[in-house]
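Participant: Take a look at the following structure, please.
The values are calculated or read from the model by the stated rules, or taken from the named source; none is laboratory data. The shown structure was predicted, so the numbers you read here are calculated from the model rather than taken from an experiment. A quick note on method: Cβ atoms are made from the backbone with ideal geometry, for glycine too, and the neighbour counts reach across all protein chains shown.
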Amino acid sequence: MSIIPHWEDKYCFGNLKEKLLLWFCFFSLLVPICFSFALGKETSGTTTLSPGEEQGFTFYVRKSDTLLGTVDVQSGIIDIYIVDSDNYPDVFYYEEMFTDVTGLKDFYFDTIYTDTYYVIFINYSSSESAVIQYTFNVDKGMPTWLISLIAVLALTAVVALMIFLIIKGKNI
C-alpha cells in the first residue's frame, strides 16, 4: 500500500470529477451572461418625423459607461434631448441638449450616475418633416470588461485543470 493517493481513488480528491463538471457547467453559463453585460447596446436606423412629432430611444447606462451617438439629419431641423428616467417625458429637465441640428452630429454623453436614459428627437417645425439616420452605442467602461475577463479566466482555469487531469490518467 502506497502513501501517495491514486488518481482513481474517489475519496482522495472528494469526488473531483463531479465538482469539476459542476464548475465547468457553471462557468460555461456565466461567460455568455457576462458578455451580454459587457457588450454595449447598439441601435441604428432611419426615421421620419412629421411636423411637431417626437421619437425616443431608451438606454440603460452605468456610471462608468459612455453613450456615443451619430445623428445625420438628411432633411429638416431637429432638437436632441438626453433625459434621465426621473424627468422623462418632460424634456425641460434634460441632462444634455442639442438644438437646431442639421446635417451630421456626433456626440458623447458621460453619465454621472447609473440610470435609464432617453434620447429624444423632436421636430419643432410646423410645416417640414425631418428625415433622420441615427446610430447609438453604449460604450462599456472598465469595471464591466473586468467582470467578463474574470469569468473567461475562471472558465479557462477549469478547462485547463480538466485537461491536466485527463493527461494524468484521471477519466473525466
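Residue by residue, here is whether (1) closer than 23 Å to Tyr118 by Cβ; (2) at pLDDT 75 or above holds:
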{"residue": "Ile3", "(1), (2)": "no, no"}
{"residue": "His6", "(1), (2)": "no, no"}
{"residue": "Phe35", "(1), (2)": "no, no"}
{"residue": "Lys41", "(1), (2)": "yes, no"}
{"residue": "Thr48", "(1), (2)": "yes, yes"}
{"residue": "Gly52", "(1), (2)": "yes, yes"}
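Participant: Only one of (1) of a type outside the set (A, V, I, L, M, F, W, C); (2) assigned to a strand (DSSP E or B); (3) over 19 Å from Lys140 (Cβ atoms) is not met by Tyr88, so which one is it?
Facilitator: (2) is the only condition that Tyr88 fails.
Participant: Somewhere in region 27-39, is a residue assigned to a strand (DSSP E or B), surrounded by 14 or more Cβ atoms within 10 Å (Cβ to Cβ) and in contact (Cβ under 8 Å) with a residue 12 or more places away in the chain?
Facilitator: Checked region 27-39: no residue is assigned to a strand (DSSP E or B), surrounded by 14 or more Cβ atoms within 10 Å (Cβ to Cβ) and in contact (Cβ under 8 Å) with a residue 12 or more places away in the chain.
Participant: Restricting the search to region 14-30, which residues are touching a helix residue (DSSP H, G or I) at 6+ places or on another chain (Cβ under 8 Å) and either modelled with pLDDT under 70 or basic (Lys, Arg) (or both)?
Facilitator: Leu16
Participant: For region 46-58: of the residues being part of a strand (DSSP E or B) and either among the polar types (S, T, N, Q) or not assigned by TED's automatic domain parsing to the domain that holds Asp110 (or both), which is farthest from Ile132 (Cα to Cα)?
Facilitator: Applying the filter and picking the extreme gives Thr58.
Participant: Identify the single condition in (1) under 30 Å from Phe27 (Cβ atoms); (2) outside any strand (DSSP E or B); (3) of a type in the set (Ser, Thr, Tyr) that Ser126 does not satisfy, given that it satisfies every other one.
Facilitator: (1)
Participant: Identify, please: which residue in region 59-86 is under 23 Å from the mean Cα position of the chain (by Cα) and surrounded by fewer than 16 Cβ atoms within 10 Å (Cβ to Cβ) and is, among those, nearest to Ala130 (Cα to Cα)?
Facilitator: Top of the filtered list is Thr70.
Participant: Tell me the residue from Leu149, Leu155 that is free of Cβ contacts under 8 Å to residues at least 12 places away in the same chain, more than 19 Å from Gly56 (Cα to Cα) and not charged (D, E, K, R), please.
Facilitator: Leu149
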